[in-house]
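Working notes, beginning with the structure itself.
The values are calculated or read from the model by the stated rules, or taken from the named source; none is laboratory data. From a predicted model like this one, the values you see are computed outputs, not experimental measurements. Counting neighbours? That spans all protein chains shown, and the Cβs are built from the backbone with ideal geometry, glycine included.
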Amino acid sequence: MGYSPDSLVGQDGLIEIKTKLPKYQVELLLADELPQEHVAQCQGGLWVSEREWLDFVSYWPGMPLFIKRAYRDDALIKTLAERVEAFHEVLETAMNHAKFQAGEVAGTYQVASAVTEADIFHMAKQLARRRLARGRVISQPARAFDYLQVLLQDYEHEVFSALFLDSQHRVIRFEELFRGTIDSASVHAREVVKTALAHNAAAVILVHNHPSGNPEPSDADLRITQRLKEALGLVDIRVLDHVLVGGEGYVSVAEQGKL
């Protein structure tokens, strides 16, 4: 998803210039309001550009500029994100799963023909990726852990991954970092820190799978957790949790009090 504002202002601001219906716009701006038809567009711009405010400018030749500053509305942005996600899910389902049809209620599906276990797992993984897409707020960690379990539990080898978040715990990226036997020698703290800095992350949720199915953390898992927590702490990036997933469920190191 992209957005093209008329201008960027510093690190936090945008400018959106409108030239149609100046009299109508000016009346609203003088009343300290935005035209309703532009509210979603402005908040959507703040969402995808990850900025905090936008100056809405009404311009017409020969007239002075009228400007209204709109600040980020996270509640509205959350609603927009959910609606965009629901649309993407319906579109992707229609394109990739002829056996599933969108239901009348957003987020529901009807089965058009017989489905296999593989069909269900494939769709579950697609939905999990959507729930962990860029811009999603991790407000309910347990739900995020469920999605992580869906993505990683079926690997026959160990995969060490990270969910990179910004300062408001919005998803920047979910990324697989290492594969193979996960121990203190195979997980390189320098690479984790380098990747976190490249994404400009403020926080990280570490996650890896146990192919055995038992998600209980080993002593080696806890040593890795502490080593990465210390390394990331040196550059002011918080480790919020280390989640171990398997066919039997997931375990949160933070919930166990071992972070």
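Being modelled with pLDDT of 75 or more and under 14 Å from the mean Cα position of the chain (by Cα) is the requirement here; does L165 meet it? Step through it out loud before you land on a result.
On the way: modelled with pLDDT of 75 or more: yes; under 14 Å from the mean Cα position of the chain (by Cα): yes.
It is true that L165 is modelled with pLDDT of 75 or more and under 14 Å from the mean Cα position of the chain (by Cα).
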Cβ pairs under 8 Å, 6+ apart, first in region 45-56 and surrounded by fewer than 17 Cβ atoms within 10 Å (Cβ to Cβ), second modelled with pLDDT of 85 or more and part of a helix (DSSP H, G or I):
E52/L46; W53/L46
Before we move on, is F160 assigned to a strand (DSSP E or B), of a type outside the set (D, E), more than 19 Å from S49 (Cα to Cα) and at pLDDT below 85?
no
Within region 166-188, can one find any residue that is part of a loop (DSSP other than H, G, I, E, B), within 13 Å of D241 (Cβ to Cβ) and outside the structural domain of E82 (by TED's automatic domain parsing)?
yes
List the number of the failed condition for A203; all other conditions in (1) more than 24 Å from Y155 (Cα to Cα); (2) surrounded by fewer than 14 Cβ atoms within 10 Å (Cβ to Cβ) hold.
(2)
Residue that is surrounded by the fewest Cβ atoms within 10 Å (Cβ to Cβ), among those in region 1-44 that are within 25 Å of R136 (Cβ to Cβ) and either of a type in the set (V, I, T) or in contact (Cβ under 8 Å) with a residue 60 or more places away in the chain (or both):
M1
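Residues checked against (1) surrounded by 15 or more Cβ atoms within 10 Å (Cβ to Cβ); (2) part of a helix (DSSP H, G or I); (3) assigned by TED's automatic domain parsing to the domain that holds A189; (4) on the phi > 0 side of the Ramachandran plot:
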residue	(1), (2), (3), (4)
V207	yes, no, yes, no
P217	yes, no, yes, no
R223	no, yes, yes, no
A231	yes, yes, yes, no
V235	no, no, yes, no
L240	yes, no, yes, no
V243	yes, no, yes, no
A254	yes, no, yes, no
G257	no, no, yes, yes
Where in region 39-125 are there strands (runs of 3 or more DSSP E), lying fully within it, with 1 or more residues that are modelled with pLDDT under 80?
100-102, 109-111
